[in-house]
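Here is the structure we will look at, set down as structure tokens.
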Amino acid sequence: MGVQKKISIEVTVHDTAEELDGSYRELMSMAVNARKKAYAPYSKFSVGAAVLMENNEILEGNNQENACYPAGLCAERVAIFYAGAKYPGMRIRAIAISAAALDHKVSDPVAPCGSCRQAISEYEFKQKEPIKILFMGETGKVITCNSVADLLPLGFNSSYLE
Ligand code: THU
């Protein structure tokens, strides 16, 4: 029969980005700006991400698509890999994400895809401190959580490789 265990996650839902605390409001507005520079001619679905570093610097990324579709990369990974490349070893505090479509209004929060959750999790596991995640659509509600573990319970990490 096995033993049933309940795994709970915690998120906070904010009615609008204006409800966020000052520095996170700023971070989300950087994600929105980054989104507007996305290269998404194929999906016409633009995503922007802004990463808050330990030194308070904010690094931006956006989705970069390719005529060979799988060669493209999501905004979150562009931003977090850029952070890892620019400041190896520096802790990452938070990542804000905003998404918008060309042909319809995205008003529900758009959560990062599974591969991006895994990529964020790599840095969280390495730094042993949680990375806050904030995500929204173009308008409307913002969902926040204090750790990528809330979005990726029972995740895989390098401890299994040892
Ligand atoms: N995309 C992101 O940038 N982040 C996600 O977490 C989900 C999807 C991008 C990839 C592709 O360029 C477009 O959105 C449509 O999937």
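Summary of values
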read-out	value
Lone unmet requirement of (1) part of a loop (DSSP other than H, G, I, E, B); (2) away from the ligand (no atom under 11 Å from the Cβ) for Asn66	(2)
Count of segment 102-114 residues which are more than 11 Å from the chain's Cα centre (by Cα) and either part of a helix (DSSP H, G or I) or crowded, with 16+ Cβ neighbours inside 10 Å (or both)	2
Ser147 vs. criteria touching a Pro at 6+ places or on another chain (Cβ under 6 Å) and either surrounded by 14 or more Cβ atoms within 10 Å (Cβ to Cβ) or modelled with pLDDT of 95 or more (or both)	yes
Conditions (1) outside any helix (DSSP H, G or I); (2) in contact with a strand residue (DSSP E or B) (Cβ under 9 Å, 6 or more places away or on another chain); (3) not charged (D, E, K, R): number failed by Gly89	(2)
Which listed residue, of Ala99, Ala83, Ala94, is farther than 18 Å from Tyr39 by Cβ and either part of a strand (DSSP E or B) or in contact with a His (Cβ under 6 Å, 6 or more places away or on another chain) (or both)	Ala94
Sole exception among (1) more than 14 Å from the ligand (Cβ to nearest atom); (2) on the phi < 0 side of the Ramachandran plot; (3) touching a strand residue (DSSP E or B) at 6+ places or on another chain (Cβ under 9 Å) for Asn56, by number	(2)
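The values are calculated or read from the model by the stated rules, or taken from the named source; none is laboratory data. Note that this is a predicted model, so its numbers are computed, not measured. Glycine gets a Cβ as well: all are built from the backbone with ideal geometry, and neighbour counts include every protein chain shown.
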